Each structure stands twice: as C-alpha cells, then as structure tokens.
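Student: Okay, here's the structure, questions in a sec.
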Amino acid sequence: MNAFVDTFVQEQELSVRLIGDEAVIVNRATNSLHRLNDVGAAVFETFAQRGMAADAVRMLTSRFDLSDVPQDEVESDVEAFIADLLERRLIRNTEFAPLPRAPIHLPDWREELERIGVDLIAPVWSKIEISTRCHLDCVHCYIPYDDRRRPIPSEKRHLDNDEICRVIDELAAAGAMLLTVTGGEIFIRQGIFDVLEHANRRGFILELFTTGMPLNAEKVARLAALNVGNVQISLYSHEAGTHDAVTQSPGSWERSVSAARQLIASGVNVEFACTLMQSNVADTKGMKELGEKIRATVSFGYPITSRTDGNRDTHALRTSGPELERAIRDLPEFFAKPAPKPADQPICPAAVNMCAISASGDVLPCSQFHLPLGNVREQSLKEIWESSPVARRVRAIRTGDLKPSVAGALDSYVGLCPGLNLLEEGDALIPARVTAETTLAVDRVLGSSTHAR
Ligand SMILES: C[S@@+](CC[C@H](N)C(=O)[O-])C[C@H]1O[C@@H](n2cnc3c(N)ncnc32)[C@H](O)[C@@H]1O
Ligand code: SF4
C-alpha cells in the first residue's frame, strides 16, 4: 500500500459520535466498536471528504504542535494509522465498494460502550419514553393507570413527533449511540416508524421495549430493514394463562409470542423480558426453555417497584420467602450480589453515561430515577447535561454517602440504585427495603460471602 497515492473515504455503515475531541464509532458492517483519540479523530474526519494521506499530514501539522517531530515520522505515522483504519474497516480506498450493513449483536460491545461513556461523561446509552399510553393494563405496571389512558393529563402533555425528533438530534450531538425506545406501548403511537427511521438515519442503534402485540408482517419487515439491535418483548411466563393474567388480556401471550417468532424469522434479535412476581416466580426454567426453543434470549426483572406516583399497591405482587429463595436457587447468577464497592466510588452510572427522557420531556438521570435534571421544552439537552445542578449532584453521589438500611446493617451491595431508593423510601440515599430483604434472602441461599464475578 502506498497511502500517499490513494484516496480514502469513510465507510458508509458507521455511526459516528464526536465527544469532546474524541470519536466513538460503531461499525454496523462489522458489528464492532471503536474509540479514536483526538489525533485519530482528526485524521479520520479528513476522510469524510475524500482525503489523501497528504491532506491528513497537512491537517495534523496545522492543528497540532508537531514542531519536534520530523516530517517523515509524521508521514509514516499517518500511513500506519491509515492501514489500521483500513483493517478496522472504518475507511475504504475509493477503488473498493462500500461494505454493506450486517446484523447488530449488542452484547459484543455494549459494556465497552458503557465504559467509554463513564470515561467521557457522555450519555452514550439513552432511553426515551415515547408515550405513557398503553393498550394493556398489566397488574404490576409502574405507570399510573390514568397516565396509560386517554386523555393524558395536561400537565403531562407528551412531546409530539417533531419534538421527539429534535431531542433525538440533541442526544446524538451529546454522544448518545444506543437508544432504547419505550412506553407505554410504542407501536400504538401514530408516526412511531417516522421517529424510529429518523433515529436510524441519525446513526442510532435502536433497542425497543414492547409487548409486540401491535406488530404485523409489514411492521416486522420495516423493523428488520432498520437493523434494530434488540427488541425486548415482555413475556411473563411460558404458560399462556399465567402471562394473560398479568396483562389482564386473554390471547396476549399468543400474540406476543407470534410477534417474537416473526421478528426472529426476519433476523431481528428478540429478548423476552420476564419481570418476576408471585404468580410467575416458579416459571424461570420454563421461560428459559421457551427462549431456547424459539431462539430468543431471556432476561429477568426484579423487584416489582412502586408505581411512579408513589402508589404501593404493586408491592402485594412481590415474591418473598421460600418462593423468592427458590428463584435465587434457580437464577444464582442473576441474584448473586455484586462485590461491595469502595465508599469513594460513584454509586451508579445514572447521569454519567446514561439519561432518560420522559414522555413529557423531563430529562432523568436514568429511567428509574425520577429526579428531573431539566426539561427539553425549556433547555437544550446539551445545556441540561452540562449545566444542570441536579446532574452534578447525582454524579457526585458516592457509595459512602448511603444512610443505614432500614432493614438492618448490610454490606454495601444494598442501596446502590438511588432511583429505586428515591421511589421506595423517598430519599435517594436510604437503601430500598426491598433490596435489603433480597440481600438477606441471597445470603440465606447462596451464603453471605458470595459475590457475582
Ligand atoms: C413499562 S413497560 C414498557 C414497554 C412495554 N409496554 C412492555 O410492557 O414491554 C417496560 C418493562 O417494565 C416492566 N415493569 C412494568 N411495571 C413494573 C414494575 N412495577 N416493577 C418492575 N418492572 C415493571 C414491564 O414488565 C416491562 O418489561
Ligand atoms: S404493556 Fe407495558 S406499559 Fe402497558 S401496562 Fe403492561 S407493563 Fe405497562
């Protein structure tokens, strides 16, 4: 290769985010994640406009102080870097055709993206609640009943589609790469595909939370074309009757499973999300078997929280005692306690590498942490992210700031979700009783010194 006679352009299937001076890139053709430092990002940007190695050298010598570095060393470094970018398939020689899009597999790079987000303090993984409206009435739903039904109370007026698209642009500018779209039920919203297609054009890798029930063959084909990273379908049991009792909708299991099958047949990754409660806690094995049978991954959710208006009637659905202990035995990896964090460690990534936009435009530190940093109708997302005093306070919380657990002294595993603490105890720093009780049950079943790796 002689990089000085070739012309290069960036590959076409890249999602690029410029965060500070750095570039974070997902290559959707190779399903890989890349981080380029300031010099790398500047050279890479040269190739957005049909660049040659000589252009990159000129740009570098004008932008960076390289007076100590001999010219031939700069040239050979640029040449080596071009070879690296070519190998990573981030640029191509213009003589070659662009690489086509390939299936996205989030687990391959999601954790690395999250780590980069922590490092750069950028909301790389963000969530948007498109609407609180829903066609179902699940017994445990954290969204208050009135917010799921029409008309939505005026003080909670939802963002319209144009506002949502603007917020999506602002999220991209803030460095968001992975966008979880949730509801309510997203597929009963008018114009949802316009929103999803807009996000896709802005380079977002999408994750969708849905019952799957409103999907049909045409919508499944549109989702497959968007190369969605993950569709999470809530399924509460491998038994239709148990699931339908949770959703209070006969026939809902059939329709959700049928949507999952259609998506999988179209090459879309499906994850069944099974929130554990009394009625389904014995079904973990059956759920795993169903997932294996139809090639869906299965994840479990725990605990059942209060509703977001503070109503605690959902607590009656929670599992406890011998049932919970059995679930812990069945899912030891899921329940095992994370190793205790030192007291000076940040408590969690809320407002550090993530944020969540509520249906009415509040920017939350995470979807479970109902402490608005600001509202996108009043300020830009960038302004909120960079200047909100609440964001600064949330980022400063350390595990050592936690108050004693009301359920007794327990190790520092308890209370690490300040959003849950706030929802359950009214104070982000008071460990939620439910996590303390769960930890005691984990200790009984797995032993008090057991920690997840
Ligand atoms: C609110 S729903 C929105 C997406 C879609 N309507 C669905 O049900 O999949 C997102 C997830 O939150 C879970 N969820 C709802 N209420 C909950 C609660 N009180 N505690 C824990 N998880 C809850 C649901 O089971 C679902 O998996
Ligand atoms: S389908 Fe989702 S949003 Fe609708 S009631 Fe059930 S959990 Fe709530």
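Student: Among 184, 141, 171, which residue has its Cα furthest toward the positive end of the charge dipole of segment 137-196, with +1 on Lys/Arg Cβ and -1 on Asp/Glu Cβ?
Tutor: With unit charges placed on the Cβ atoms, the residue in question is 141.
Student: Between residue 330 and residue 162, what FRET efficiency follows from the Cβ-Cβ distance if R0 is 41 Å, with the result rounded to 0.05?
Tutor: 0.30
Student: Based on the inverse mean of 1/r over its pairs of different Cα atoms, what is the Kirkwood hydrodynamic radius of segment 238-323, in Å?
Tutor: Across segment 238-323, the inverse of the average 1/r is 14.0 Å.
Student: Taking the square root of 5 times each eigenvalue of the Cα gyration tensor, what semi-axes in Å does the equivalent ellipsoid of segment 72-176 have, largest first?
Tutor: Whole-Å semi-axes of the equivalent ellipsoid: 44, 16, 15.
Student: Say each of residue 285 and residue 135 gets a label point 7 Å from the Cα, pointing the same way as Cα to Cβ; how far apart are those two points in nm?
Tutor: Each label point lies 7 Å from its Cα, and together they span 3.5 nm.
Student: How many Å³ per residue does the convex hull of the Cα positions in segment 283-442 occupy?
Tutor: 143
Student: Determine ³J(HN,Hα), in whole Hz, for all residues of segment 219-230 in sequence, where each value follows from phi through the Karplus function 6.51 cos²θ - 1.76 cosθ + 1.60 and θ = phi - 60°; x replaces Gly and Pro.
Tutor: Values, residue by residue: 5, 4, 5, 5, 5, 4, 5, 7, 6, 4, x, 7 Hz.
Student: Further question: If the viscosity is 0.692 mPa s and the temperature 37 °C, what translational diffusion coefficient in µm²/s does Stokes-Einstein give for segment 180-291 when Rh comes from Kirkwood over Cα pairs?
Tutor: The estimated diffusion coefficient comes to 228 µm²/s.
Student: Here is a follow-up. Could you work out how far the C-alpha centroid of segment 67-107 sits from that of segment 306-385, in angstrom?
Tutor: 39
Student: Also: Under 5 Å between amide hydrogens, which residues at least 5 positions from residue 133 or on another chain qualify, with H placed 1.01 Å from N in the peptide plane?
Tutor: Hits under the 5 Å cutoff: 185.
Student: Continuing with the same structure: Multiply the residue separation of residue 95 and residue 154 by 0.36 nm, subtract the distance between their alpha-carbon atoms, and state the gained length in nm to one decimal.
Tutor: Full extension from residue 95 to residue 154 adds 15.5 nm.
Student: Still on this model: Name all residues of segment 232-254 having a backbone nitrogen under 18 Å from the label point set 7 Å from the Cα of residue 145 along its Cα→Cβ direction, giving them as ranges.
Tutor: Residues 245-250 qualify, since their backbone N sits under 18 Å from the label point.
Student: Treating only the Cα positions of segment 334-381 as identical point scatterers, give the base-10 log of I(q)/I(0) from the Debye formula at each q in 0.13, 0.16, 0.27, 0.30 Å⁻¹.
Tutor: Results for segment 334-381 at q = 0.13, 0.16, 0.27, 0.30 Å⁻¹ read -0.41, -0.55, -0.97, -1.08.
Student: How far is it, in nm, from the label point at residue 71 to the one at residue 193 when both lie 7 Å from their Cα along the line to the Cβ?
Tutor: About 5.7 nm separates the two model spin labels.
Student: Once you keep just the Cα pairs under 8 angstrom separated by 6 or more residues, what percentage relative contact order results for segment 274-407?
Tutor: Averaging sequence separation for qualifying contacts and normalising by length gives 19 percent for segment 274-407.
Student: Go through segment 63-68 residue by residue and turn each phi into a ³J(HN,Hα) via Karplus (6.51, -1.76, 1.60, θ = phi - 60°); whole Hz please, and just put x for glycine and proline.
Tutor: Taking θ as phi minus 60°, the curve returns 8, 10, 7, 10, 4, 7 Hz for segment 63-68.
Student: Shifting gears a bit: Would you mind computing Rg(Cα) / (2.2 N^0.38 Å) for segment 211-262, counting N as its residues?
Tutor: Here the answer is 1.18, to two decimals.
Student: For residue 308 and residue 12 in one chain, what is 0.36 nm times their gap in residues minus the Cα-Cα distance, to one decimal in nm?
Tutor: So the chain would gain 102.4 nm between residue 308 and residue 12.
Student: A follow-up question, please. When the Kirkwood hydrodynamic radius is evaluated over all pairs of different C-alpha atoms of segment 206-351, what value in angstrom, to one decimal, is obtained?
Tutor: About 16.8 Å for segment 206-351.
Student: What Kirkwood radius, in Å to one decimal, follows from the Cα pairs of the chain?
Tutor: The answer is 23.9 Å.
Student: Ok, one more. Taking the DSSP beta bridges in the chain as the whole, what percent of them are antiparallel, to the nearest 5?
Tutor: Beta bridges within the chain, antiparallel portion: roughly 45 percent.
Student: Hey, another quick one. What number, rounded to the nearest 500 deg cm²/dmol, is the helix-based mean residue ellipticity at 222 nm of the chain, given -39500 (n - 2.57) per DSSP H run of at least four residues and division by all its residues?
Tutor: -11000 deg cm²/dmol
Student: Loop-only GluC sites (Glu not before Pro) in segment 182-234, please: DSSP not H, G, I, E or B, and at most 10 other Cβ atoms within 10 Å.
Tutor: Those that pass, being in a loop and sparsely packed, number zero.
No lab work stands behind these numbers, since they all come straight from the coordinates. No experiment lies behind these values; they were computed from the predicted model shown. As a convention, Cβ positions derive from the backbone with ideal geometry for all residues, glycine included, and neighbour counts pool all protein chains shown.
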